[in-house]
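Notes follow once the structure below has been shown.
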Amino acid sequence: MSPFLSPREIPASPTARRLARCLSIDDLERSARRRVPAAVWEYVAGGSESELSLHRNREAFEGVELRPTAFGQVAAPSTETTILGRPAAAPIVLAPTGYTRLSHHTGEAAAAAAAAAAGLPYTLSTYATTSIGDTARAGAGGRNWFQLYLMKDRAVSLEHLREARASGYETAMLTIDTTVTGLKRKDVANGFAIPPRLTARTFAGLARHPGWLANILSTEPLRFATFPEGSPYGRWGVSNTVREQSLRPADIAWLKEEWQGPVVVKGVLSVADAVAAVDAGADAVVLSNHGGRQLDRAPVPLELLPDVVRAVGDRAEVYVDSGVRSGGDVLAAVALGARAVLIGRPYLYGLMVGGQRGVDAALHILVSELVRAMSLLGAADVSEITGEHVRLRP
């Protein structure tokens, strides 16, 4: 038989076949949209208000031009780097995402396990739907970080920190851009809540996804699992009243003292705030507009990156999120000075398509794209990616 007519090996399971067709994060996104109810999809994919920040984040990455060295291309570049002084297989961190078991019933456990297998840090949200201990066990051997929403009652936050420390989490990440929750109009229209509310609209969406619904109903009930059963802090809709709404640099210093380990501050959107965070003890800052989910029309993190690196890059690591969805995006961020990027939606799309295997696929796509881009760019390892390799197109 002609080699052009040789039968192609077909993956055995439907999940494997779906994932085999996904060659990019865009492909995963399209497949994911078919796997979950509309309310869940719009919660994950949507942004706040008019979604201007959501779209501007992508426009910034799409405007980056990569500038190769034609006579310096390398066959097998290394993506290995260090993040907070410890090895990482690539300059990628899995960002904290709330309510992750809505995307797939395996939720945070699947994401942590995939991150550990890939050699990348994973960050568990305060509003996770899997407990601190269960997530640590799922990601055993990996680098687990804990994201903290500081509560008005510090005893609640101290208990989170105590449990995270006892479970082996290495880093605390304080989110500072959620004084109140951004208005996501689609979520309001869908009556989004945990557990899901059965309005006529959401019921129709659930009915079209019986597999998703069966898995949710047959596994542990959806709840905010980092809080004790029945805790008022674990009730839907109370976050704006129980979270600290007057965060100051002194709160970073407090966390640094209580945690006694690396502290990352997420949600920085100005040079002044980056300087204040580092002065207060932050070991790293994340330039983030929450993926376009908080203040609409907020600054675009990628565009702030060079100025923030110049201001604090000699004293702290600088990360960037909001809009990253390809290996080329990772390379662009590193070239502009980032130590690493944080990703959220890309791995959630993989989770929706195939649980842990889907997260594995999303991470493989990003790292493979980064390897190809580095090879064609002429960078043998991450340390060789510099500002000379990029140009921000006007």
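The values are calculated or read from the model by the stated rules, or taken from the named source; none is laboratory data. All of these numbers come straight from a predicted model, not from anything done at the bench. Positions of Cβ are generated from backbone atoms using ideal geometry, with glycine treated the same way; all protein chains shown enter the neighbour counts.
Only one residue in 95, 90 is under 14 Å from residue 349 (Cβ atoms) and out of contact with any Pro (no Cβ under 6 Å at 6 or more places or on another chain), so which one is that? Walk me through how you get there before you give the answer.
Values: 90 fails: under 14 Å from residue 349 (Cβ atoms).
Unique residue meeting the criteria: 95.
With respect to residue 49, is the statement that it is without any contact (Cβ under 8 Å) to a residue 60 or more places away in the chain, over 19 Å from residue 351 (Cβ atoms) and not hydrophobic (A, V, I, L, M, F, W, C) true?
no
Which helices (runs of 4 or more DSSP H) sit wholly inside the stretch 229-297 and have at least 2 residues that are surrounded by 18 or more Cβ atoms within 10 Å (Cβ to Cβ) and more than 21 Å from the chain's Cα centre (by Cα)? If you could, list the steps in order and put the result at the bottom.
Numbers: elements: 239-242, 249-259, 271-279.
It comes to 249-259, 271-279.
Checking the structure you have, find out if any residue of the stretch 34-56 is closer than 22 Å to residue 356 by Cα, of a type in the set (Ser, Thr, Tyr), in a helix (DSSP H, G or I) and modelled with pLDDT under 95.
Yes, the stretch 34-56 contains at least one residue that is closer than 22 Å to residue 356 by Cα, of a type in the set (Ser, Thr, Tyr), in a helix (DSSP H, G or I) and modelled with pLDDT under 95.
Considering only the stretch 67-87, state which residues are in a strand (DSSP E or B) and under 28 Å from residue 293 (Cα atoms).
If the condition is that a residue be in a strand (DSSP E or B) and under 28 Å from residue 293 (Cα atoms), then 83 is the only one that fits.
Could you pull out the residue among 370, 377 that is farther than 16 Å from residue 81 by Cα and either among the aliphatic types (A, V, I, L, M) or over 15 Å from the mean Cα position of the chain (by Cα) (or both)? Please lay out each step first, then the result.
Details: 370 fails: farther than 16 Å from residue 81 by Cα.
Step by step, each of 370, 377 is checked, and only 377 is farther than 16 Å from residue 81 by Cα and either among the aliphatic types (A, V, I, L, M) or over 15 Å from the mean Cα position of the chain (by Cα) (or both).
Would you check if there is a residue in the stretch 102-111 being in contact with an Asp or Glu (Cβ under 7 Å, 6 or more places away or on another chain) and either part of a loop (DSSP other than H, G, I, E, B) or buried (at least 22 other Cβ atoms within 10 Å of the Cβ) (or both)? Steps first, please.
Applying the first criterion (in contact with an Asp or Glu (Cβ under 7 Å, 6 or more places away or on another chain)) to the stretch 102-111 yields 109.
Checking the rest, the ones that are also either part of a loop (DSSP other than H, G, I, E, B) or buried (at least 22 other Cβ atoms within 10 Å of the Cβ) (or both) come to 109.
Checked against the condition, which is being in contact with an Asp or Glu (Cβ under 7 Å, 6 or more places away or on another chain) and either part of a loop (DSSP other than H, G, I, E, B) or buried (at least 22 other Cβ atoms within 10 Å of the Cβ) (or both), the stretch 102-111 yields at least one hit.
Are any residues in the stretch 21-74 aromatic (Phe, Trp, Tyr) and surrounded by 14 or more Cβ atoms within 10 Å (Cβ to Cβ), and if so, which ones? It would help to see each step written out before you state the result.
Step one: list which residues in the stretch 21-74 are aromatic (Phe, Trp, Tyr), which gives 41, 43, 61, 71.
Across the stretch 21-74, the qualifying residues are 41, 43, 61.
May I ask you to list pairs of residues, at least six apart or on different chains, whose Cβ atoms are under 6 Å apart, with the first in the stretch 298-320 being more than 18 Å from residue 283 (Cα to Cα) and the second being at pLDDT 95 or above and among the charged types (D, E, K, R)?
300/56
For residues in the stretch 370-394 being without any contact (Cβ under 8 Å) to a residue 60 or more places away in the chain and not hydrophobic (A, V, I, L, M, F, W, C), which is surrounded by the most Cβ atoms within 10 Å (Cβ to Cβ)?
Filtering first and then ranking leaves 384.
Counting only residues that are outside any helix (DSSP H, G or I) and touching a Ser or Thr at 6+ places or on another chain (Cβ under 6 Å), which one in the stretch 312-348 is surrounded by the most Cβ atoms within 10 Å (Cβ to Cβ)?
Going residue by residue through the stretch 312-348, those that are outside any helix (DSSP H, G or I) are 313-326, 336-344.
This time we only want the ones that are touching a Ser or Thr at 6+ places or on another chain (Cβ under 6 Å), so: 321-322, 344.
Numbers: 321: 25, 322: 31, 344: 24.
It comes out as 322.
Only one residue in 377, 331, 392, 366 is modelled with pLDDT under 95, of a type in the set (A, V, I, L, M, F, W, C) and within 21 Å of residue 89 (Cβ to Cβ). Which one?
377
How many residues does the stretch 349-369 hold that are buried (at least 24 other Cβ atoms within 10 Å of the Cβ) and either of a type in the set (D, E, K, R) or not in a helix (DSSP H, G or I) (or both)?
0
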